[in-house]
1. Among the residues of region 82-106, how many are of a type in the set (V, I, T) and closer than 18 Å to S159 by Cβ?
2. Among the residues in region 136-152, are any in a helix (DSSP H, G or I) and either of a type outside the set (V, I, T) or under 16 Å from Y55 (Cα atoms) (or both)?
3. Restricting the search to region 130-140, which residues are of a type outside the set (D, E, K, R) and either surrounded by fewer than 13 Cβ atoms within 10 Å (Cβ to Cβ) or over 22 Å from L57 (Cα atoms) (or both)?
4. Hey, can you tell me all the residues within region 141-152 that are under 16 Å from A117 (Cα atoms) and exposed (fewer than 13 other Cβ atoms within 10 Å of the Cβ)?
5. Evaluate region 106-129: report whether one residue or more is surrounded by fewer than 16 Cβ atoms within 10 Å (Cβ to Cβ), in a loop (DSSP other than H, G, I, E, B) and of a type in the set (A, V, I, L, M, F, W, C).
6. Condition (residue is part of a loop (DSSP other than H, G, I, E, B), within 25 Å of E127 (Cα to Cα) and in contact with a Phe, Trp or Tyr (Cβ under 7 Å, 6 or more places away or on another chain)) applied to region 15-38: is it met by at least one residue?
7. Being in contact with a strand residue (DSSP E or B) (Cβ under 7 Å, 6 or more places away or on another chain) and surrounded by 21 or more Cβ atoms within 10 Å (Cβ to Cβ) is the filter here; which residues of region 88-105 pass it?
8. Has region 48-56 got at least one residue that is part of a strand (DSSP E or B), polar (S, T, N, Q) and in contact with a Lys or Arg (Cβ under 7 Å, 6 or more places away or on another chain)?
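Bear in mind these aren't lab numbers, they're just calculated from the coordinates by the rules spelled out. Note that the structure is a prediction, hence the values are computed from the model and not measured. Virtual Cβ from ideal backbone geometry, glycine too; neighbours counted across all protein chains shown.
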Amino acid sequence: MGVRVLQALRASGITRRRTARLYGHSAGAQFVHRLTAIEPHEPFEAMVSANAGWYTLPTLGRPFPEGLAGLGLGPDALERWFAYPMTILAGDRDIDESDENLPREPGALAQGPTRFARAAYFHAFGEREAARTGLPFRWRLVTAPGVAHDGAAMSRAASALWFE
């Protein structure tokens, strides 16, 4: 999917780049980390998943969207996902448990009461799974200090990671 989008952008003259950076905030962050789990990484030089409401966990033992079971993926997909240097960006003020847009599915609640807690849970879960299976783990968890559920502030934090 990412390859086709980038090819279309090149064909229309919007870009000449061979690779792109992908950033998603909130529901967009859910899209980014799930895309990273199931699609080729080649068109992307960097991906940031910022303040996701909840995460698909890197396990074949839980059905999608809580895990990856049922998607036809095997252990090689986990190895590829763990090896990609995905950044999980978490605003340390994204802690409003009463936010009406905060997912409250049982799988989401099991990851923590807030987006900030869920980001830490996701990263730690991935780190444990990679260690358990002996796979390299290249994800990083980065905190955006003083930032709540604010897409503009998180995009500035992501830009700082990429360009400063």
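1. So the answer is 2.
2. Yes, region 136-152 has at least one match.
3. Hits for region 130-140 are A131, G134, P136.
4. Selection gives P145, G146.
5. Yes, region 106-129 contains a residue that is surrounded by fewer than 16 Cβ atoms within 10 Å (Cβ to Cβ), in a loop (DSSP other than H, G, I, E, B) and of a type in the set (A, V, I, L, M, F, W, C).
6. For region 15-38, residues part of a loop (DSSP other than H, G, I, E, B), within 25 Å of E127 (Cα to Cα) and in contact with a Phe, Trp or Tyr (Cβ under 7 Å, 6 or more places away or on another chain): absent.
7. Within region 88-105, I88, L89, A90, G91 meet the criteria.
8. No, every residue in region 48-56 fails to be part of a strand (DSSP E or B), polar (S, T, N, Q) and in contact with a Lys or Arg (Cβ under 7 Å, 6 or more places away or on another chain).
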